[in-house]
Amino acid sequence: MLDFDREDLEILFENALEMEKYAKSKINILQDKVLALAFFEPSTRTRLSFETAMLRLGGSVISIESIQSTSIAKGENFADTIKMLDAYSNAIVIRHYLEGAAKFAAEIAEVPVINAGDGSQNHPTQAMIDLYTIWKEFKTIDGLSIGLLGDLKYARTITSLIHGLSNFNVKLYLISPELLKPRKELLDFVESKGLKYVWTSNPEDVISDIDVLYVVRIQKERFPDPLEYEKVKGTYKVTLKLLEKAKPNMIILHPLPRVDEIDFEVDKTRYAKYFTQAKYGVPIRMALLKLILLE
């Protein structure tokens, strides 16, 4: 996300608005292009929305869906796999469990590489969707109070979203257990950008001040120590009772998948925008692919 400034994001948003017209049809502007999806970690929404976006743009898709389906399982190194995808495609979308994998791939490949999530630090295209959803709902991002609830230490969506929000005039409410407070380097970044923020472990203390409540699950797979996870699992659950104190126009976002951190009863309320947010994955990624491949 640090590669995108405010102007870049606003250009992306305007293009995504245009792409919404074709999110359920087709616009053949990339019919001579091939997109390689290299997913070395499980994904549903990210992989399928990138594939859908490319197909809606008239392009073609080749894909890796797991390490077991590649020659890496036979001992081939990661760099050689990227070189092959580089030879076969016009752009590569990569998701990897190791932080820095996307950057490493970009150094090897001649075609553009898009980071679809690596390690516990970066998920830029998800942050673009998050920001676009806020922008669509409020017609602005400036002046809003954004609450981030849950695993603020290991959730890569949180890092990328905060990086993106630093381009706007917002106040952050960081809500997490002590063990899952944002990493020092992320808080240092927030302070260096002059963003106002408050940390609390209790969402009830701040829910009435928030315009956007962004919820992330506590991610067992990211914890280096299983005992650490056991201490914090199930800490938070957004319920109708909590929302009694919320602003009437507050929205709830979640990058999904959800486990138990949002009660299913919340889905029926006016606050729930997480499925709308997921829907925007296609037009945002259509816009991104268009801007990258039609340069």
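The values are calculated or read from the model by the stated rules, or taken from the named source; none is laboratory data. Computed from a predicted structure; not experimentally measured. No Cβ is skipped: glycine too gets one built from the backbone with ideal geometry, and neighbour counts run over all protein chains shown. Ligands, DNA and RNA are excluded from the accessible area calculation, which covers all protein heavy atoms including side chains. Shrake-Rupley method; radii C 1.70, N 1.55, O 1.52, S 1.80 Å.
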| field | C-alpha center-to-center spacing [the stretch 166-200, the stretch 264-289] in angstrom | value | 24
| Assuming R0 = 35 Å, what is the FRET efficiency of LYS26 and THR269, from their Cβ-Cβ distance, to the nearest 0.05? | 0.50
| What length, rounded to one decimal in nm, is gained on full extension from THR239 through to ASN77, with 0.36 nm per residue of separation minus their alpha-carbon distance? | 53.7 nm
| note | Interchain or sequence-distant (5+) residues whose placed amide H lies within less than 5 Å of the amide H of TRP199 are LEU174
| query | Highest mean first, what order results for 82-92, 276-286 on Cβ atoms within 10 Å? | reply | 276-286, 82-92
| note | FRET efficiency for ASN169 and THR276 from the Cβ-Cβ distance with R0 = 22 Å, rounded to 0.05, comes out at 0.35
| Under 14 Å Cα-Cα from LYS273, which aspartates and glutamates qualify once same-chain neighbours fewer than 8 residues away are excluded? | ASP130, GLU137, ASP211, ASP263, GLU265
| query | If R0 is 25 Å, what FRET efficiency do you get for GLU107 and SER60 from their C-beta distance, rounded to 0.05? | reply | 0.45
| message | Given the stretch 96-201, report the % of alpha carbon pairs whose separation exceeds 15 Å. | response | 65
| In range of the label at ILE11: residues from the stretch 253-295 whose backbone nitrogen is under 12 Å from the point 7 Å along Cα→Cβ | 288, 291-295
| request: Along Cα→Cβ, 7 Å out, is where each label goes; now give me the distance between the ones at ASN202 and VAL34 in nm to one decimal. | output: 5.9
| request: Hey, could you grab the Kirkwood Rh for the chain? Inverse mean 1/r over distinct alpha carbon pairs, Å, one decimal. | output: 19.8
| message | So for the stretch 1-155, if I pair up every lysine 8 or more residues apart or on another chain, how many of those pairs have alpha-carbons under 22 Å apart? | response | 9
| request: Over the stretch 85-223, with every protein chain in place, what whole percent of the accessible area is carbon and sulfur at 1.4 Å, could you tell me? | output: 46
